Amino acid sequence: MDNMNLNSSSGRFRKWFKRKHKNNHNKHKQPDPYYDLDVLSDEDDFTEDVYISSFEMDPCTSTNELRIFVGTWNVAGRSPVGSLAVDLHEWLKPQDAADIYVLGFQEIIPLKTRTVIGAEDPTEATNWNLLIGKTLDEKFGGPWLTPVLNPISSEDYQYVKVPDSERRASFSSITDSRWMRARSRTQRHQQLFPCGSKYKLMASKKMVGVFISVWMKKELLEKYYVSNGKVSSVACGIMGLLGNKGSVSVSMSIEGTRFCFIAAHLASGEKNGDEGRRNRQVSEIFKRTSFPRSANDDDNPHPLTILGHDQIFWFGDLNYRLDLEDNLARYLIKKQDWKALQEFDQLRKEQEDGGVFEGWREGNINFAPTYKYSSSNCNRYSGGLPNRSGEKQRTPAWCDRILWYGKGVKLLSYFRSESKFSDHRPVSALFSTRIEVTKSSNSSFLDNETFPNFMPPEQGPSGNKEEGKSTLLSLIVKDTEASSTHMQKL
């Protein structure tokens, strides 16, 4: 490959090659992916530190710091079984104890016709949540059981609003007529999430194969006021209606800072026009994601759209590819010249003026492309060997990405893990974020009977099914999605 004829290469590659410093490839040394990653560069505007400390505050507020772990993983339709617990431990690094874990998954079920157009089945989401919870709490030794067959229904609960004179926290009360039945179901919930666990599942949402799971240290729920939790899903796959592609989002406030987390799976493909389909889906997600007010909200205003939040994290299998011939991409991968390879990355272009992610940030990518590996248990990219029957030719690319937008966010690390569970490698970022805290307020607390209040959005042009009642932890709530509703109407 070193003797390749550059005259036959693309014009962009020749321009890059002429600018290349002679011995640059000798400088690439594999860093510690979690601690030693240099995520800031004086040469790259898109990786500058945007840790803005100048919150506009009145004298009654202060800022505190939280560490947020954001991860994304396309698991290729495989169930969380077998030795995956070891891979999950390596990915989440619970020994480093982030305050909040926000995990996005794609293809937690195979994207077949039956699963895309059929009714939602919460089984796989439940299994993933159980494994995540067990991994995060492994040092605390709670009794972890299999998922309950009859999950708690939101109809068993009504949410009560605390008077303004008191410190507000979401909690549930049970009507007298259903008290005994709800109590038994609550006991099963406590078996699944024992009181000795360190993290609490704050929100979980599944749309076909796209899945988001948000966990927070329980001690933070005693220290900070967490409110106005909402979820939203946007289906923009087949016919622009089905959930094989799209997003699931969580909106929540911690004290005076409003967070939004968007887990997405965008259109695949590396042909001409595929990039445009991804961009249109991003625009649709921005336009159709909504977090409308409900009767259960507190008096504090909350944003109705993605961009109304203070700190926003967008992550997932975004499927953006490299505008580069396959042999040239593999040449740069072999040299581990990630900076040169990024010059051909489609998502970087979308972060520039006029792009769909204009103004959004991403860390320096100092790791190999995460897609597509030949198969599970393999470290070879697909299509690398000639005449290999039945294997798809795919140019490797950084399909799995994490972006952020807003003030008060500092990227600490950006890395990929090496699990061979699927044809994608999981990608993660660790952030330090600042939140506004009202000095005069008392700490809120949640006991073992407490459940967060998450309201899905009303049905809009996205085709999402209206779910008018409050939901409990989505782990233990049967979730019905847009795809089945549309198919019933056809």
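The values are calculated or read from the model by the stated rules, or taken from the named source; none is laboratory data. Predicted model only: the values in this text are computed from it and were never measured. Cβ atoms come from the backbone with ideal geometry, glycine included; neighbour counts cover every protein chain shown. The protein model used for the area step is the full one, side chains on, heavy atoms only, and it has no ligands, DNA or RNA in it. Shrake-Rupley method; radii C 1.70, N 1.55, O 1.52, S 1.80 Å.
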Quiz item: Quick one: how many Å² of ASP96 are accessible to a 1.4 Å probe, rounded to 10?
Solution: 40 Å²
Quiz item: Between LYS407 and ARG280, what length comes free when the chain is fully extended (0.36 nm per residue of separation minus the Cα-Cα distance, one decimal in nm)?
Solution: 43.1 nm
Practice problem: State the percentage of accessible surface on region 227-342 attributable to carbon and sulfur atoms; use a 1.4 Å probe and exclude ligands, DNA and RNA. | Solution: 52 percent
Self-check item: Distance in nm between pseudo-label sites at SER375 and ARG78 (7 Å out along the Cβ direction from Cα)
Solution: 1.2 nm
Quiz item: Taking a probe of 1.4 angstrom, what is the accessible area of SER294 in Å², to the nearest 10?
Solution: 30 Å²
Practice problem: Could you state the accessible area per residue of region 311-381 in Å², with a 1.4 Å probe and every protein chain left in place? | Solution: 33 Å²
Quiz item: Quick one: length gained pulling GLU219 to ASP96 fully straight, 0.36 nm per residue minus the C-alpha distance?
Solution: 42.7 nm
Quiz item: Amide H neighbours of TYR224 under 5 Å, counting only residues 5+ apart in sequence or on other chains, H built in-plane at 1.01 Å?
Solution: SER444
Quiz item: Under the Kirkwood approximation applied to all pairs of distinct alpha-carbon atoms, what is the hydrodynamic radius of region 319-412 in Å?
Solution: 14.6 Å
Practice problem: Step through the table entries LYS349/LYS407; LYS205/LYS407; LYS339/LYS372; LYS112/LYS205; LYS206/LYS335, compare each Cα-Cα distance with 28 Å, and write down the pairs that go over it. | Solution: LYS206/LYS335
Quiz prompt | Amide hydrogen neighbours beyond the local backbone of ARG401, cut-off 5 Å, H modeled | solution = GLY316, LEU318
Practice problem: Compare the peptides 77-86, 204-213, 119-128, 408-417 by average per-residue count of other Cβ atoms within 10 angstrom and give them in order, highest first. | Solution: 204-213, 408-417, 119-128, 77-86
